[in-house]
1. Could you look through the stretch 81-107, keep only residues that are of a type in the set (S, T, N, Q) and part of a strand (DSSP E or B), and pick out the one that is nearest to Ser131 (Cα to Cα)?
2. Output the residue which, of all residues in the stretch 60-76 that are surrounded by 15 or more Cβ atoms within 10 Å (Cβ to Cβ) and part of a loop (DSSP other than H, G, I, E, B), is modelled with the highest pLDDT.
3. Can you confirm whether the stretch 117-138 contains a residue that is more than 23 Å from Asn74 (Cα to Cα), over 26 Å from the mean Cα position of the chain (by Cα) and assigned by TED's automatic domain parsing to the domain that holds Ile39?
4. Of the residues in the stretch 155-173, how many are modelled with pLDDT under 90 and under 18 Å from Ala314 (Cα atoms)?
5. Can you pull out every residue in the stretch 198-238 that is out of contact with any helix residue (DSSP H, G or I) (no Cβ under 9 Å at 6 or more places or on another chain), more than 22 Å from Ala166 (Cα to Cα) and among the small types (Gly, Ala, Ser)?
6. Out of (1) surrounded by 17 or more Cβ atoms within 10 Å (Cβ to Cβ); (2) closer than 19 Å to Ile160 by Cβ, what's the single condition that is false for Lys272?
7. Please work out if Ser300 is farther than 18 Å from Leu168 by Cβ, surrounded by 14 or more Cβ atoms within 10 Å (Cβ to Cβ) and small (Gly, Ala, Ser).
8. Look through the stretch 245-255, keep the residues that are crowded, with 17+ Cβ neighbours inside 10 Å and either of a type outside the set (A, V, I, L, M) or modelled with pLDDT under 95 (or both), and return whichever of them is farthest from Asp187 (Cα to Cα).
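The values are calculated or read from the model by the stated rules, or taken from the named source; none is laboratory data. Owing to the predicted nature of the structure, the values given are computational and were not obtained by experimental measurement. Every residue, glycine as well, gets a Cβ built from its backbone with ideal geometry; the counts of neighbours run over all protein chains shown.
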Amino acid sequence: MGTNFHTAWDNTTLFKPSSMNTVPSSLDQALTYQKVILIHCDGALDYVKATGVLSWSSTLRIHFIRSDGQAIQNTVNAGNITLADNEFAYVDLNETNNTVVTVQKAAITTGAAATFKAYNRVMLAYRNASSDELYPVELTRGWTSPSSALPERNATISLIPEYSGAVLTKSGMANDPGGEGMTSDLDVSGNTYRPYYEWSSDVTSAIQSYDVFVQWRVPHDFKSFQVGTNQALQLEICTATNNKIDVTLQKDGSATTSSLTAQKSDVAATWKQVGFDETDAVLSSLAAGDVLNIRIRLYSFNSKWTRTGRIDLAAVLQ
């Protein structure tokens, strides 16, 4: 180098990290940590929006690269943490392999020192202060096939008259309606509304019948039916004196059927629910994509009506 504007460097001068203080070396360490971080869970991850609880049902495993290039594992025992608005979950990594670390939390305050950026800190997820939604940063769910590790949720799927996927069909028995025959209408009691199908026959010599036939395709996220007495599939019915209803279930394409016969109101002309358990032979055989056939046979004579209402399917979805 020339000597116009400075004194020439001694060609024996050596540059070392120590002569430049520790900032560049710490910066290099931070970059090393952030290059590749793999976080996975041996169980299931879940978040409850209403409470802010983030949980992991088994060990969290964190793989990262130490500053000397070694692959290191830290683990977190199964547990949970409750996040308030504007808080994030994090772990501070330890360079000793197989160290058990803990998930912690902190709030973000703008215009002040950042709490979420440190050379060994990994931000897992953040809870939005307005929507309460959880936004993952480094923590994400895995892909599974089938999706057995995804969190489950209970859901009630209701089919309301006039049912989607339903047709009216003669039962093959005596079915001379006389009078009104098959109709649909609405029953209002106080603030309770019940749409229904009604079958009525004025024949007096023999009871007459007619079918409501419903097909329901099992949704793609279906896992099973909820556990409970007569809870998996429930049907609202209402019968006048001496009338009755039969309900038959069948998985489309299968010969197996299950049924409830001669169902009637406990008190004439009052609504009640009848149903099947999750252990029912047809219901327990169903999987996502299957089609469930529901045949509801209504009996009537002497101008006394029979009504069928809402169908509730208590499913476990994931």
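1. Filtering the stretch 81-107 for residues that are of a type in the set (S, T, N, Q) and part of a strand (DSSP E or B), the one nearest to Ser131 (Cα to Cα) comes out as Thr82.
2. Arg66
3. No, the stretch 117-138 has no match at all.
4. 1
5. Listed by number, the residues that qualify are Ser205, Ala206, Gly228.
6. (1)
7. No: the conditions fail for Ser300.
8. Among those that are crowded, with 17+ Cβ neighbours inside 10 Å and either of a type outside the set (A, V, I, L, M) or modelled with pLDDT under 95 (or both), it is Lys251.
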